[in-house]
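Asker: Can you keep this structure in mind? I'll have questions shortly.
The values are calculated or read from the model by the stated rules, or taken from the named source; none is laboratory data. Remember, it's a predicted structure, so these values are computed and weren't measured experimentally. Virtual Cβ from ideal backbone geometry, glycine too; neighbours counted across all protein chains shown. Surface areas here come from the heavy atoms of the whole protein model, side chains and all, with no ligands, DNA or RNA. Shrake-Rupley method; radii C 1.70, N 1.55, O 1.52, S 1.80 Å.
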Amino acid sequence: MSAFSSTDAETGAIGPFHDALHARYVVELGHRLDSPTSYEGAVTEHLRMSGVYWSLGALSLLRDADEVDASMGLRGGVDGGGEENGGGGRRMRRAIVDWVFDCRDPRSGGFGGNCSGAAFGVGTPGTATTTPCPHHGHLLYTLSALQILAMANALDDERLDKDAVARFVSGLQNPDGSFCGDEWGEVDTRFTYCALSCLALLGRLPIPRNDGEEEDDAIVDVRGAARYVMSCRNFDGGFGCVPGAESHAGQVFCCIGALSIAHSLHLLNEGRDGCDADLLAWWLAERQCDSGGLNGRPEKQADVCYSWWILSALSIVGRVSWINTSRLGQFILNCQDDEDGGIADRPQDMPDVYHTFFGLCGLSLIGHLEKIGNREGRTYREVDPVFALPTDVVRRLGLRAQVISYSNGDVEDRLKMHSILDGTKASLK
Amino acid sequence: MDFADLNDVEPIPQDDGPEPVCSIAYSPEFIKAYDYLRALLKADERSERALNLTTFCLKLNPANYTVWHFRRRCLISLSAETDQTPAIDVERIEKDLDFADKLGGTNPKNYQLWYHRRALLEFRFKEEGDILQVAKKELEYVDKILDDDSKNYHAWSHRQWIIKTLNKTELWSSEINYSHSKVLSDPRNNSAWNQRWFALHEGKISSVYSNDRSAVLSLEKAKEEASYALYGADLDPFNESPWRYLVGILMEQWRSAKRGRDADDIAKVTGLIQENIGKIREMKKSWEEKRPNDHSSGSSASLLSALVDLLEIFTDAKESLTEAKALLGKLMLEDPVRRKYWLKREKHITKLLVSIEQKENNAV
């Protein structure tokens with residue numbers, strides 16, 4: 001039981017936030033990974049696509065779209081640093097969008113985690129020295145690629161063969177509604193989220209009709225996908241990666257996000273065992289530790305990344321208030337590196353871009369970024385809890401998912417673009 | 001590795017711009033190996049030397065999914081073809097399982113290693129021989145990993161996959177014992193509690209099919225499982241896992257009885273729930289007596305919450321609801337982190353109590 005009194009919990013002022021350090025940390029990360037002497041760069045080579053998405057996502061919550069484009073080199077080349085490597089002069093880094101298209105795997109139609117070796121996009125613009133040799137297409141990186149293109153406003157680029165990508169995604173669905181991550185056939189609810197989010201970004205998602213009629217020509221079976229997700233729900237209200245697997249907060253996000261995109265959140269209150277949105281949200285609320293941070297499973301350590309996985313799911317089901325947001329906010333701020341910028345998994349650890357992005361997302365979802373912005377005369381962009389993109393991007397693309405309102409029927413401002421399921425009826429209790 | 005057998009291959013360097021890659025101080029071997037690999041990947045050369053090169057590259061970086069993928073393609077191409085369906089020779093499978101084991105060490109967090117085992121076993125299970133024995137050997141391997149990291153999510157998922165794939169009563173039953181041994185060594189291991197639920201329900205050993213074709217435990221089995229959960233909770237009432245298990249078991253019975261609408265069934269399940277409510281009250285009392293001076297730790301949120309969940313089932317019983325309301329008041333004070341959640345539940349119960357009173361007044 002907590003040693004804190006309830007009054008402490010309510011009055012905590014928001015501590016220092018190192019805006020400029022975080023922005024610099026993200027921008028310089030690209031140069032560091034590109035450095036040929038970087039071990040971190042070499043071993044994360046195969047998932048560079050996600051790394052770039054986390055970097056862009058993080059910077060996008062701190063800066064407006066033009067600034068992000070200019071400092072990251074989204075659509076045009078950018079100075080890639082290089083003096084510290086002792087080479088002859090500074091290098092130009094190719095535009096991120098061009099690099100993304102090089103990572104397309106022509107064989108599968110999806111995107112791989114990187115192309116032509118270790119570095120992402122280093123080289124003189126327009127003079128790539130080798131033919132792109134992408135990793136094989138995988139749903140995880142295909143989603144990251146599309147998210148990057150969405151932030152770069154490049155989903156209508158003529159190099160994006162939307163039909164081919166959509167075929168890649170639909171080809172990975174199994175008869176039971178689940179999705180594989182790639183041709184090797186591993187099944188996981190993470191891939192259901194990736195698949196539905198990809199199709200939504202491509203504008204190819206068939207939304208199930210309310211009249212119960214099945215669409216014959218739909219490229220994926222959205223109802224089947226939602227049914228499969230529901231078959232992964234456990235007795236404690238949480239979700240696992242496959243039926244029977246232990247509840248895990250990361251999987252909960254994927255499952256709730258998938259149901260949200262599939263406009264199927266009502267299923268939470270129907271199923272065989274009657275576990276409802278309240279039971280799920282309580283399981284998520286129980287993940288808050290005495291440190292204020294959130295863990296992913298019972299008796300595990302708190303970690304900043306769960307600020308995203310748990311808060312996004314709680315936002316979608318309208319129950320963020322069930323946890324103590326000021327204590328969580330303080331936990332995230334305690335994980336900042338106050339010298340070099342970036343956010344770590346827990347206080348005193350080394351920061352990385354994954355935790356930096358999801359830490360900022362957490363601060364956004366509990367309204368802390370907005371309060372910090374008011375205090376410091378800045379306007380921060382907000383993150384959308386379903387698509388993990390800035391809300392202005394989601395609005396520009398007209399993406400529409402489903403969320404549950406609070407128990408009084410109200411809904412957070414940032415979610416008003418989505419379809420609202422009446423939360424006053426969403427509870428069975 | 002001296003790369004001698006690759007001297008006819010033109011390596012593809014990483015696209016690093018003007019600076020020569022060879023000047024790298026860190027690990028020239030790392031770069032060289034991956035340069036050769038890119039060349040073989042591009043040529044799609046699935047040979048013995050390509051397989052050896054993947055071995056070397058994976059030792060340098062076991063998380064690279066494309067290398068694993070290419071390795072399996074090599075293994076398939078190098079194996080004898082059977083009826084044009086892809087297969088891998090049994091001997092190669094055994095060798096590669098061993099390779100993955102050594103690469104992972106005692107704590108393989110890396111997902112690719114698990115997936116590789118599974119892909120190999122999928123081929124192995126299709127081959128001749130004592131498959132049950134192969135499965136048991138693999139379960140022993142997983143046990144070794146869980147000895148070191150008892151909550152390894154990949155390891156537990158891998159166990160579930162093996163048992164489900166073979167679907168043998170023997171494996172299902174022994175998994176219940178296995179989960180019990182893990183609960184004994186650490187009652188707070190939620191993965192072990194989940195495994196118990198998994199084996200009992202998915203194995204269909206003690207469950208019956210309810211009218212919507214989902215597996216529900218028999219009443220008798222549910223009674224045993226509720227006792228098991230309370231036994232676990234008694235070891236440590238602050239442990240979330242057994243309480244969730246208990247409520248899960250009892251709610252499953254309640255929902256199933258309500259769906260079936262059989263008055264006799266509903267009465268039996270009501271009896272079971274009341275019996276457990278009684279036991280929890282006793283446990284709460286004895287715990288409070290043990291710790292009389294430390295009022296904040298006199299109750300566990302998990303215990304109180306489970307009690308509220310069960311009391312609240314009886315939506316028209318005034319005494320039950322009044323007790324639940326008082327418990328929620330206590331939770332709001334003692335678990336401030338989730339105060340708004342408890343407040344919401346208290347409001348709901350107050351509403352139910354008001355409507356009961358209105359009904360009583362109308363009756364008068």
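Asker: Looking only at helices (runs of 4 or more DSSP H) that fall completely inside the range B:264-364, which ones have 1 or more residues that are over 22 Å from B:E225 (Cβ atoms), of a type in the set (K, R) and more than 33 Å from the chain's Cα centre (by Cα)?
Answerer: Result: B:318-334, B:339-363.
Asker: Could I ask something else about it? For the range B:338-359, state whether one or more residues are within 30 Å of A:L328 (Cα to Cα), aliphatic (A, V, I, L, M) and more than 13 Å from chain A (Cβ to nearest Cβ).
Answerer: No: the range B:338-359 contains no residue that is within 30 Å of A:L328 (Cα to Cα), aliphatic (A, V, I, L, M) and more than 13 Å from chain A (Cβ to nearest Cβ).
Asker: Hey, among B:K325, B:K347, B:K359, B:K318, which residue is among the basic types (K, R) and either within 22 Å of B:G271 (Cβ to Cβ) or in contact with a strand residue (DSSP E or B) (Cβ under 6 Å, 6 or more places away or on another chain) (or both)?
Answerer: Only one candidate passes the filter, namely B:K318.
Asker: For B:E252, all conditions in the list (1) open to solvent by less than 40 Å² (accessible area, probe 1.4 Å); (2) farther than 30 Å from B:E334 by Cβ hold save one; what is the number of the exception?
Answerer: The number of the failed condition is (2).
Asker: For A:A200, which of the numbered conditions (1) in a loop (DSSP other than H, G, I, E, B); (2) of a type in the set (G, A, S); (3) modelled with pLDDT of 95 or more fails to hold?
Answerer: (1)
Asker: Report, by residue number, each residue of the range A:319-364 that is touching a strand residue (DSSP E or B) at 6+ places or on another chain (Cβ under 6 Å) and open to solvent by 10 Å² or more (accessible area, probe 1.4 Å).
Answerer: So in the range A:319-364, the residues touching a strand residue (DSSP E or B) at 6+ places or on another chain (Cβ under 6 Å) come out as A:323, A:335-336, A:343, A:351, A:355-356, A:359, A:361, A:364.
The answer is A:Q336, A:P351, A:H355.
Asker: Just to check your reading of the model, which residue among A:V411, A:V393 is touching a strand residue (DSSP E or B) at 6+ places or on another chain (Cβ under 9 Å) and of a type in the set (A, V, I, L, M)?
Answerer: Numbers: A:V393 fails: touching a strand residue (DSSP E or B) at 6+ places or on another chain (Cβ under 9 Å).
Only one candidate passes the filter, namely A:V411.
Asker: Is it the case that A:P298 is over 27 Å from A:A23 (Cα atoms), more than 19 Å from the chain's Cα centre (by Cα) and in a loop (DSSP other than H, G, I, E, B)?
Answerer: For A:P298, the condition - over 27 Å from A:A23 (Cα atoms), more than 19 Å from the chain's Cα centre (by Cα) and in a loop (DSSP other than H, G, I, E, B) - is met.
Asker: Scan the range A:299-316 for residues that are modelled with pLDDT under 95 and buried (at least 24 other Cβ atoms within 10 Å of the Cβ) and jot them down.
Answerer: A:S307
Asker: Here is a further query. Quickly run through the range A:162-185 and pick out the residues that are within 14 Å of chain B (Cβ to nearest Cβ) and either open to solvent by 10 Å² or more (accessible area, probe 1.4 Å) or outside any loop (DSSP other than H, G, I, E, B) (or both).
Answerer: Answer for the range A:162-185, where residues must be within 14 Å of chain B (Cβ to nearest Cβ) and either open to solvent by 10 Å² or more (accessible area, probe 1.4 Å) or outside any loop (DSSP other than H, G, I, E, B) (or both): A:D176, A:C180, A:D182, A:E183, A:W184, A:G185.
Asker: Can you tell me which residues in the range A:214-257 are over 22 Å from the mean Cα position of the chain (by Cα), in a loop (DSSP other than H, G, I, E, B) and either surrounded by fewer than 22 Cβ atoms within 10 Å (Cβ to Cβ) or of a type in the set (F, W, Y) (or both)?
Answerer: A:E214, A:E215, A:D216, A:D217, A:A218, A:I219, A:D221, A:F235, A:P243
Asker: Looking only at residues in the range A:203-213 that are at pLDDT 85 or above and surrounded by fewer than 18 Cβ atoms within 10 Å (Cβ to Cβ), which one is farthest from the chain's Cα centre (by Cα)?
Answerer: Per the stated criteria, the residue is A:P206.
Asker: Has the range A:186-197 got at least one residue that is of a type in the set (V, I, T), touching a residue at least 12 places away in the same chain (Cβ under 8 Å) and either open to solvent by 10 Å² or more (accessible area, probe 1.4 Å) or under 30 Å from B:A306 (Cβ atoms) (or both)? Full working, then the answer.
Answerer: Let us first name the residues in the range A:186-197 that are of a type in the set (V, I, T), namely A:187, A:189, A:192.
Adding the requirement that they be touching a residue at least 12 places away in the same chain (Cβ under 8 Å) leaves A:187, A:189, A:192.
So of that shortlist, the ones also either open to solvent by 10 Å² or more (accessible area, probe 1.4 Å) or under 30 Å from B:A306 (Cβ atoms) (or both) come out as A:187, A:189.
Yes, some residue in the range A:186-197 is of a type in the set (V, I, T), touching a residue at least 12 places away in the same chain (Cβ under 8 Å) and either open to solvent by 10 Å² or more (accessible area, probe 1.4 Å) or under 30 Å from B:A306 (Cβ atoms) (or both).
Asker: Does A:D290 satisfy the condition of being within 13 Å of another protein chain (Cβ to nearest Cβ), open to solvent by less than 10 Å² (accessible area, probe 1.4 Å) and at pLDDT below 95?
Answerer: Considered against the rule, which asks whether it is within 13 Å of another protein chain (Cβ to nearest Cβ), open to solvent by less than 10 Å² (accessible area, probe 1.4 Å) and at pLDDT below 95, A:D290 comes out as no.
Asker: Here's something else I'd like to know. Would the range B:180-196 turn up any residue that is open to solvent by 30 Å² or more (accessible area, probe 1.4 Å), facing chain A (nearest Cβ under 9 Å) and out of contact with any Asp or Glu (no Cβ under 6 Å at 6 or more places or on another chain)?
Answerer: Checked the range B:180-196: at least one residue is open to solvent by 30 Å² or more (accessible area, probe 1.4 Å), facing chain A (nearest Cβ under 9 Å) and out of contact with any Asp or Glu (no Cβ under 6 Å at 6 or more places or on another chain).
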